[in-house]
Structures are given as C-alpha cells and as structure tokens.
Amino acid sequence: MHREDFPMLNSDIVYFDNGATTLKPNCVVRSMVDYYTKHTSNIHRGDYDAAITTNKLYDEAREVVRDFINCNSSKEVVFTSGTTASINMVVFGYMKKHLKRGDEILLTKSEHASNVLPWIKLSEEIGIVIKYIPLNEEFALTVDNVIKSIHSNTKVISIAHVTNVIGDVRNIEAIGQICKEKGILFHVDGAQSVPHMKVDFRKCNIDFLSFSGHKMLGPTGVGVLVGKYNLLEDMDPIFFGGGMNQFFEADNRYEFKNSPVKFEAGTPPIAEVIGLKRAIEYLMDIGMDNIHKHEVELKKYMVSELEKIPNIVMYNKNSDSGILAFNIMDVFSQDTSIYLNHYKIYVRAGNHCTKMLKDEINIKNTVRVSMYLYNNKSDVDKLIHVLKQSKDIFKIVI
Amino acid sequence: MDSNLRREIILDNYQHPMHRGLVLDDSYLKTNYNSESCIDNLDLMMKVEDGIIKDIVFDGEACAISTSATSIFIRSLIGKSVSEAKNIIRNYQNMLDEVEYDKELLGELVVYDEISRQPNRMNCALLPSRAITKMIEELEGK
Ligand SMILES: Cc1ncc(COP(=O)(O)O)c(C=O)c1O
C-alpha cells in the first residue's frame, strides 16, 4: 500500500525492520520542512504570525492524538521524547510517589528493556517487588495466567500490548477490565501496537499508555504518554524548568501548571510533534484496521512460504501481528542479517532488547522481520528467494 | 591470499572452533566480551604462568567472524610470552587499520587482512584481541 509515498523505497530495498523504526512518508517530512523553512518559532511565547501558526499546529496535534487513541481529553496527552521517556515518567513521576515497600508489579519476560529496567531501578529505590507473569508454550501471555498471577499486593500491571520479538497481541481489553475490577493500575507499552492496529484507551480501561512517533511513520525524538487525567494530576514531573511553572520565588515557593504542560519542561520537540501529527492523520486516512489486516495476511503468506524451506526455524508463526522471528538452522542470526543485507533486505538480528526472553525460548538471538503497510508480497518473495539459496551463505558473509 | 582458502580457514574455525568450553579453575583470568554495536557475546579465560600463556578457552554466542577469529587467536597465542602476545595483537590491529604489519608473525590471522573493507565487521574481528588485551591489562594491574 502507498509505496509511492516513501522515498526510501525508490532505492530497491526491502525494508523489514519496522519494529526498530519505520520509513517516513513525504507528507511527514514536508510538514517538518515547512516548520523549519516557513514558520520556525517557539511555542506558547510569541505574538507574531509564525508563532501563531506553530502554536496552532502543536495544540492540534494533541487533539489528533486524542481522537486517534480515544482518550477523554487532549489534557491527557503528554508529548515526550519516546516510549522510553514515557515509561520512565510514569515509574518515577507516579509510581515512586504512590507505591510502597512490598507492593507488587506484574511484568512479563518478553517486555522490552524500557518496560523492565525502570521498574528494577524503582525496586532498588523503594522496595517494590517485581513478578513475571508466566508465558504459555508459544511465549504468549494468556488472560488466565494474568488472573493467576494477581495477589492481594498486586498494584500495577505493566505490559506491552504487542511484544517486539514474539509479536503476540495481548488481550488488553480483558486485562484492563480485570485491572478495573481489582483496583490495579494498568500501564500499556504501545510501542509495537499503536502504529499497527486500533488501540482504544477508554475501551481498554488503560491508565497509562506509552508509544513512540518514529515507529509509526513519524520522526525520531517524539513520543506520547497518555494518562487518565486524575492520575496525571497526582503525578509529579521528572523534569523541571521553563514552560511548566506558574510562578517561582526567591523563597522557594513555586507552582506548576496542570497536565499536560506540567510534564513538558523546556522547549519540546516542536518540529517532531508537527511531524507526528501529520503521520497520525496519514495513518487514520488509511485506517488502522486495514493496516493490521494487511500485515497479518502478509505474515501468513510469509510463514506458509518459509515452511517450505527445511532449514528455517520459526519461533512465532501464530502470533497475530506482522512480526516474525526465525533462524537459519546452525547459522548465527547476525550472519543471516549480514547475508540478507547483501541483497538489500533489511532485517534485525539480536535479542531485540528483550534479554530475559532467552530464559523462555532457550535461544538468545533471532532474526526478526517486522512489517508495515508498505511491505508487499514481492518483498516477501525476495526474502524467500534469498533464503532458499542460503546454503551459500558463507560465500557471501565471509 | 586466495579467497577460497581464506573462506575455508575462517569457516573451519567457525564450525569447529578449538578451545571452546570454559573450565572451572580459579587460576584462569576471565573476561566477558560483548560490544555495543553488535550482538556477539563471548566469555574468555586465560591461564598465564611465569609470563607464558599456558591456555586460553572461550565460549558463547557469536558470528562467524568473531568466533573464527577467537579460535585462531587462541591457537596463535598459546605457548607465547605475554609480551609476544602483545606484539601479535599490535600487529593484528595494524593489519586491520591497513598500516604496516609483520605478516610472518600473524600466521593464519592474515585471513582477516581484508576485513577493513567491511566496516561493520571490524568489531567482530577485533573481539578476541580486545578481550585478551583486557585480561593482559588486568594481569599487569592496569
Ligand atoms: C515494545 C517496545 N517498548 C519500548 C520500546 C522503546 O521505544 P523507544 O526506543 O522509541 O523509546 C520499543 C522499541 O524498540 C519496543 O519495541
């Protein structure tokens, strides 16, 4: 779909590393170039025309996110520098203030480093206890296992909606309902889901949702934290400075503004917010359901073709997303990715920042294909063709 | 060097590396090596007695280049004195940097003489020399 909008695709590459970051369509780049060439200005502070244009776009961006994610108001939309920043803000701005020694947090072993390390650090600081909900034999998370893992001390569940290696789609609507009934806070890492499928903040009873712009056709350096307004009111900023304060005095008195501005100290990534706005509009025009359907169909096709190649091992054939982890038997994943690069097929090798997953899969490193709306059957065919000849791999990589 | 022969030596050392498998022996120095830019992750252990490298072993998960380079490196260093080892490492580094080096001294390690044409594999080829340097520095109390 829409390949003509992506200039990187003119160069005959197969881009299968969308889990890491995605290509950018012309319209996103153009919106940022316009900011840099036609209306450069800071926000909140100018009375001149360029500043008014910029301000308007920045404020509209919050509305676009609200509409996209279906939260209650644009006051619940905080711009951050990415998923990692969003999660750190939740953990050290909210959880640190409200949790106490012995409170339990539920994670899984397939979480990205960004949804584990902040919690480990907080555990070190205030003595919360981290528990890992067991995964099933396909390394996926079942609602049943979530229920079984909840105890009277469980205060938070923090999980990816879609994980970045296995690509399993968690039933966040059911889990959100359970959290609501039990009074558990629910944080969703949407880095791999928000770009690829409809995510409904209200319907899923999410308390905090984090995601990144660069994984959804937008620029690097911008992300979003969506939080229920009453929680954001009770959350402390972790950065302090200009733009976020009402006043401050020599006798140390100060007052902060309200959410979301309270969390956006300093000059925000203005061009990036404008680019992200354009990216979301572009995605909504195509329709998130169409994107998801396209990726799942393409993955099914890829799996059916890969199954015909005897020396390929796949780890997550059945997960309902555009992510596939595999290895060529007896070949180290990085050698495979170097081999594929020789044919301009871009994939990723490694543990994909989910270092604990090795406890579960017994394989530390995999090759990951992650798709997006612009991938097509011809991309898959190229990959299959090259993998079929992989007995010559060492002629290429050595 | 003929490129088929080069590939054969590298592949043989990758698929049947020597000295693979760690030992339970406190008299060995130990180091873990993983680089930021790639996903190789190797443990190396080295035993030095009276200034002579008596043994080196390794284990872990790594690509064809770093695994084979580790295997070849280990074989070239066992039996050498620490200062000879440092000299070999220095010449190896020079080879990768494409400056003058002693070909005789490097022996089989010259199979990596063209690796600098693939900048993304330099770190793989440098993994064993960096790991061994780390242990030598530890030994010398640096
Ligand atoms: C599931 C998941 N969470 C969090 C992140 C971190 O995102 P960022 O690096 O944009 O902060 C990623 C990125 O790879 C991810 O896949």
- Determine which member of the set A:His44, A:His39 is in a loop (DSSP other than H, G, I, E, B), at pLDDT 95 or above and farther than 20 Å from A:Thr220 by Cβ. A:His39
- Note on the structure: Scanning segment A:42-75 residue by residue, the ones that are over 29 Å from the mean Cα position of the chain (by Cα) and either basic (Lys, Arg) or at positive phi (or both) total 1
- Which number in (1) surrounded by fewer than 18 Cβ atoms within 10 Å (Cβ to Cβ); (2) more than 16 Å from the ligand (Cβ to nearest atom); (3) more than 25 Å from B:Tyr14 (Cα to Cα); (4) of a type outside the set (Val, Ile, Thr) marks the one condition that A:Met314 misses? (3)
- How many residues are more than 11 Å from every other protein chain (Cβ to nearest Cβ) and either basic (Lys, Arg) or surrounded by fewer than 17 Cβ atoms within 10 Å (Cβ to Cβ) (or both) when one looks only at segment B:1-28? 13
- Which of the residues that make up segment A:179-231 are within 11 Å of the ligand (Cβ to nearest atom) and surrounded by fewer than 20 Cβ atoms within 10 Å (Cβ to Cβ)? A:Thr220, A:Gly221
- Query: Of the residues that sit in segment B:33-53 and are farther than 23 Å from A:Ser337 by Cβ and touching a helix residue (DSSP H, G or I) at 6+ places or on another chain (Cβ under 8 Å), which one is nearest to the other protein chains (Cβ to nearest Cβ)?
  - Reply: B:Leu44
- Query: Would you say B:Lys86 is farther than 19 Å from B:Ile9 by Cα and not acidic (Asp, Glu)?
  - Reply: yes
- Query: Conditions: (1) over 20 Å from A:Val14 (Cα atoms); (2) more than 14 Å from chain B (Cβ to nearest Cβ); (3) more than 24 Å from the chain's Cα centre (by Cα); (4) at pLDDT below 95. A:Asp359 meets all but one. Number of the miss?
  - Reply: (3)
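Say whether the condition of being under 16 Å from B:Ile115 (Cβ atoms), within 12 Å of the chain's Cα centre (by Cα), within 14 Å of chain A (Cβ to nearest Cβ) and modelled with pLDDT under 95 is met by at least one residue in segment B:54-65.
To start, the set of residues in segment B:54-65 that are under 16 Å from B:Ile115 (Cβ atoms) comprises B:62-65.
Of the ones still in play, those that are also within 12 Å of the chain's Cα centre (by Cα) are B:65.
Add one more test, that the residue is within 14 Å of chain A (Cβ to nearest Cβ), and what stays is B:65.
Retained after the next criterion (residues that are modelled with pLDDT under 95): B:65.
The answer is yes, given that some residue of segment B:54-65 is under 16 Å from B:Ile115 (Cβ atoms), within 12 Å of the chain's Cα centre (by Cα), within 14 Å of chain A (Cβ to nearest Cβ) and modelled with pLDDT under 95.
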- Query: Any residue in segment A:6-22 that is more than 14 Å from A:Tyr374 (Cα to Cα), within 16 Å of the ligand (Cβ to nearest atom) and not in a helix (DSSP H, G or I)?
  - Reply: yes
- Query: Inside segment A:142-161, can you point out the residues that are touching a residue at least 24 places away in the same chain (Cβ under 8 Å), exposed (fewer than 15 other Cβ atoms within 10 Å of the Cβ) and in a loop (DSSP other than H, G, I, E, B)?
  - Reply: A:His151, A:Asn153
- Given the residues A:Asp289, A:Asp320, which is the only one that is away from chain B (no Cβ under 14 Å), surrounded by fewer than 19 Cβ atoms within 10 Å (Cβ to Cβ) and not in a helix (DSSP H, G or I)? A:Asp320
- Query: Of the residues A:Phe79, A:Phe92, which single one is within 21 Å of A:Met197 (Cα to Cα) and of a type in the set (Phe, Trp, Tyr)?
  - Reply: A:Phe79
- Message: Go through (1) modelled with pLDDT of 75 or more; (2) touching a Gly at 6+ places or on another chain (Cβ under 9 Å); (3) within 14 Å of chain B (Cβ to nearest Cβ) for A:Phe332 and report which single condition fails.
- Response: (2)
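Tell me the residue from A:Glu173, A:Glu272, A:Glu264, A:Glu281 that is modelled with pLDDT of 95 or more, of a type outside the set (S, T, N, Q) and farther than 30 Å from A:Ile323 by Cβ, please.
After ruling out the rest, the residue left standing is A:Glu264.
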- Message: Any residue that is outside the structural domain of A:Lys364 (by TED's automatic domain parsing) and more than 27 Å from A:Gly167 (Cα to Cα) - is there at least one of those in segment A:105-114?
- Response: no
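The values are calculated or read from the model by the stated rules, or taken from the named source; none is laboratory data. For clarity, every value in this text was computed on a predicted model and none was experimentally measured. No Cβ is skipped: glycine too gets one built from the backbone with ideal geometry, and neighbour counts run over all protein chains shown.
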